[in-house]
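Participant: Got a structure for you, questions after.
The values are calculated or read from the model by the stated rules, or taken from the named source; none is laboratory data. Values in this document were obtained by computation on a predicted structure and should not be read as measured data. We place every Cβ from the backbone using ideal geometry, glycine too, and count neighbours over all the protein chains shown.
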Amino acid sequence: MKNIFNIDNKFFTFMSKAADIMILNMLFILTSLPIITIGTSLTALYSVSLKQSAGTSAYVAKEYFHAWKENFRQSTILWVGSLSAFILLCLNLALKVDGTFYFFMRFMMFLSLVLYIMVTLYAFPLLAKFENTLKHTIVNAFLMSIRHFFTTCTLFGTAALFLFITVAYPSMIKLTSMAWFLFFFAIIARIQATLLDKIFNRYLSQFE
């Protein structure tokens, strides 16, 4: 009976972690509403998630807003640039053209879109973890995405799985919408952070 009300038991530990996930998820959504701030919110989301993965996170809201303010400028520039690139790539892919040359160009656009996704998967977490220029962040994101290709596929697959669950079951849209509002964004970031933390620590150990 003594362990039932012990805050260190497994039940309270689980509930505490679940509460942190909910708080982090809702903070991400609320701070992303202006749209222009999505990049900053992504960086803050990964910053807290990486700390959770390393077991160094204590106050989710405080850590989130600190990372949000600290990375606002770089994250916003990166977000605007990446969103513009994504729109241009999609518009080019949507064009209906014929001919071998145009088929080759469409293939190159598709390849560029794949590379864009690979770089984006690492760019915002890198901003959250390391202090660097945007140029070096993008270059490092590209190199890491190639070097750790299996992890890159897993990172993409994690997000794609949750999107697939949402799209594949339209009859459950109310339930999945609620899940996105309460959990999904933070859970995806948490899973990805576990993978990314191992990679980032390899590079950090080279400088110790």
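Participant: Could you give me the residue pairs with C-beta distances under 7 Å whose first residue belongs to the stretch 32-47 and is free of Cβ contacts under 8 Å to residues at least 12 places away in the same chain, whose second residue is part of a helix (DSSP H, G or I) wherever it lies, and which are 6+ apart or on separate chains?
Facilitator: S32/I38; S32/S41
Participant: Being part of a helix (DSSP H, G or I), in contact (Cβ under 8 Å) with a residue 12 or more places away in the chain and not hydrophobic (A, V, I, L, M, F, W, C) is the filter here; which residues of the stretch 48-65 pass it?
Facilitator: Within the stretch 48-65, S49, K51, Q52, S53, E63, Y64 meet the criteria.
Participant: Is it true that S84 is among the hydroxyl-bearing types (S, T, Y) and not in a helix (DSSP H, G or I)?
Facilitator: Against the criterion (among the hydroxyl-bearing types (S, T, Y) and not in a helix (DSSP H, G or I)), S84 does not qualify.
Participant: While we're looking at this one, here's another question. Cβ-Cβ under 6 Å, sequence separation 6+ or interchain: first residue in the stretch 164-187 and within 18 Å of A19 (Cα to Cα), partner surrounded by 11 or more Cβ atoms within 10 Å (Cβ to Cβ) and of a type in the set (F, W, Y). Which pairs?
Facilitator: Qualifying pairs under 6 Å: F184/F162; F185/F28.
Participant: A further question follows. From the list L113, L91, pick out the single residue that is in contact (Cβ under 8 Å) with a residue 12 or more places away in the chain and either out of contact with any strand residue (DSSP E or B) (no Cβ under 7 Å at 6 or more places or on another chain) or surrounded by fewer than 16 Cβ atoms within 10 Å (Cβ to Cβ) (or both).
Facilitator: Being in contact (Cβ under 8 Å) with a residue 12 or more places away in the chain and either out of contact with any strand residue (DSSP E or B) (no Cβ under 7 Å at 6 or more places or on another chain) or surrounded by fewer than 16 Cβ atoms within 10 Å (Cβ to Cβ) (or both) holds for just one of L113, L91, which is L113.
Participant: With the structure loaded, tell me whether S84 is small (G, A, S) and either closer than 27 Å to K198 by Cβ or modelled with pLDDT under 90 (or both) or whether it fails that test. Please lay out each step first, then the result.
Facilitator: Values: small (G, A, S): yes; either closer than 27 Å to K198 by Cβ or modelled with pLDDT under 90 (or both): no.
No: the conditions fail for S84.
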